[in-house]
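Readers should treat all values here as calculations from the given coordinates under stated rules, not as data from a laboratory. Nothing here was measured: the structure is a model prediction, and the numbers come from that model. Here the Cβ positions follow ideal geometry from the backbone for every residue, glycine too, while neighbour counts run over all protein chains shown.
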Amino acid sequence: MKKMWQFWLTAILATFLLAACGTDSAEKDNKSATETSQKEEQTTEAAFPLILKDAVGNDITLEKAPEKIVSMIPSNTEILFALGLNDEIVGVNDWDNYPEEALEKEKIGGQEFNVEKIVSMTPDIVFAHESMLGISDEGLQQLRDAGINVFVVKNAADFDQTYETIKTIGQATGKTEEAETIIKDMKAKVEEVLAKTATVENKKRVLIENSDAPEIYAPGKNTFMQEMLDMIGAENIVTEEGWAMISPEEIVSQNPDVILIMYSYVPDIIESVKNRDGFSDITAVKEDAVIQVDEDLTSRTGPRLATGLEEVAKAIYPEAFGE
């Protein structure tokens, strides 16, 4: 009987101990979760106020994450939407067409934007762009004079600068984690493309057209497209610096393996290029390698730029992608 009493006493004590341990553990877990939550809140709060220097050297002070945003150029708009700022975006450029939600936003004009309309939107920040300078300076200053934060985004010249632009806009909008995710995904896509094109043995010679005859312009050295060609191991037939005008006769003489069309304002442009005088002798025409690529993917320095690189690589080296 004594042994049975000891057994039951031991069992009861064990039950209380387990319950006590469970309570302590739960309290510790709750305390840990609360502390983690508080740290995350403090981290978010600590991000503001902040001061960021824009592309023209102006210090932009932001007391808190902006609740109303105006974007003045498509690349900025694509970045802002990718960061998840649909609700905060109140105005966009007339040419903004991606994502579809951008089409539903209030339009503020193109390079000649409507200052009064933007002011009436009372935005916390306006994301302008370095490419606008010299044309839109007066209007941008009018916005500043109205007390609006105008952040001039740098005109990115390569992938690294594009990543930096996304990071900066993420900081300015309180979306640093989202920005890092976008950059990580872009880098992964770029690495995937580079891995596939690294196995290509025969380097192809390429012409990239950005306008139709008679004034055919093509990118040369120190351009974004040159960087893309270098990345995938293709040779640009244009060796001049920057953007150069190239004649149809010179194109025939250079005999490119691939012709990439980076514009869409001419109907049936692929057939039109193939039917130019003397082009029937060009390798690109003979091998049906005159290909149109969506210019938005390659000209807008935002989240879709890595996809643009992939499309260029597929057009030049379809065999590397099993196409």
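The equivalent ellipsoid of the chain has semi-axes of 53, 31, 15 Å, largest first, where each one is the square root of 5 times an eigenvalue of the Cα gyration tensor.
Which whole-number percent is the relative contact order of the range 192-321 (Cα, under 8 Å, 6+ apart)? The normalised contact order for the range 192-321 reaches 27 percent. How far is helix 159-172 tilted off the main Cα axis of the chain, in degrees rounded to 10, range 0 to 90? Value to nearest ten degrees: 50. When the GluC sites (Glu not before Pro) in the range 260-297 are filtered for DSSP coil states and for at most 14 other beta-carbon atoms within 10 Å of their beta-carbon, the remaining sites are 287. Averaged over residues, the count of other Cβ atoms within 10 Å places the peptides 213-224, 52-63 in the sequence 213-224, 52-63, highest first.
For the chain, adding -39500 (n - 2.57) for each run of n ≥ 4 DSSP H residues and dividing by the number of residues yields -14500 deg cm²/dmol at 222 nm. Using θ = phi - 60° in the Karplus curve 6.51 cos²θ - 1.76 cosθ + 1.60, the 3J(HN,Hα) couplings for the range 189-203 round to 5, 4, 4, 5, 5, 5, 5, 6, 7, 5, 8, 5, 8, 9, 5 Hz; x is entered for Gly and Pro. Between amide H atoms placed 1.01 Å from N, distances below 5 Å from residue 244 occur with 218, 220, all of them 5 or more places distant or on a separate chain.
Entry note, the range 111-256: relative contact order of 16 percent, from Cα contacts under 8 Å with a spacing of 6+ residues. Cross-linked pairs 68/167; 167/189; 68/175; 68/117; 64/184: Cα-Cα separations exceed 21 Å for 64/184. Close amide-amide hydrogen proximity is noted between residue 290 and 259, each under 5 Å apart and 5 or more residues distant or on a separate chain (H modeled in the peptide plane; Pro and chain starts excluded). When the inverse distances between all different Cα atoms of the range 50-174 are averaged and flipped, the Kirkwood radius reads 14.3 angstrom. In the distance distribution for the range 134-179, Cα-Cα pairs more than 14 Å apart total 60 percent. Among 160-171, 190-201, 259-270, sorting by the average number of other beta carbon atoms lying within 10 angstrom of each residue, highest first, gives 160-171, 259-270, 190-201. Annotation: amide H-H contacts under 5 Å for residue 236 (H modelled 1.01 Å from N, sequence separation of 5 or more, or interchain): 206. Take the Cα of residue 171, step 7 Å toward its Cβ, do the same at residue 254, and the gap between the two points is 3.9 nm.
Each principal axis of the range 172-248 carries a Cα extent, and these read 48, 36, 19 Å when sorted largest first. Gaussian network model of the chain, Cα springs within a sub-10 Å range: biggest mean-square fluctuation belongs to which of 94, 294, 145? Of 94, 294, 145, the Gaussian network model singles out 145 as fluctuating most.
Taken one residue at a time, the phi angles of the range 144-154 give Karplus couplings (6.51, -1.76, 1.60, θ = phi - 60°) of 4, 5, 7, x, 9, 5, 10, 9, 8, 7, 5 Hz. Gly and Pro are set to x. Summing Lys and Arg as +1 and Asp and Glu as -1 over all other residues whose Cβ lies under 10 Å from the Cβ of residue 206 gives a net charge of +1. How big, in percent, is the set of alpha carbon pairs in the range 250-317 lying more than 21 Å apart? Across the range 250-317, Cα pairs with separations above 21 Å total 29 percent. Each label point was placed 7 Å from the Cα along the Cα-to-Cβ direction; for residue 68 and residue 194 their separation is 4.3 nm.
One way to sum up the overall shape of the range 192-321 is the equivalent ellipsoid from its Cα gyration tensor, whose semi-axes run 22, 16, 14 Å, largest first. Across the chain, the relative contact order, built from alpha-carbon pairs under 8 Å that are at least six residues apart, equals 13 percent. Relative to one another, the C-alpha centroids of the range 121-166 and the range 295-323 are positioned 27 Å apart.
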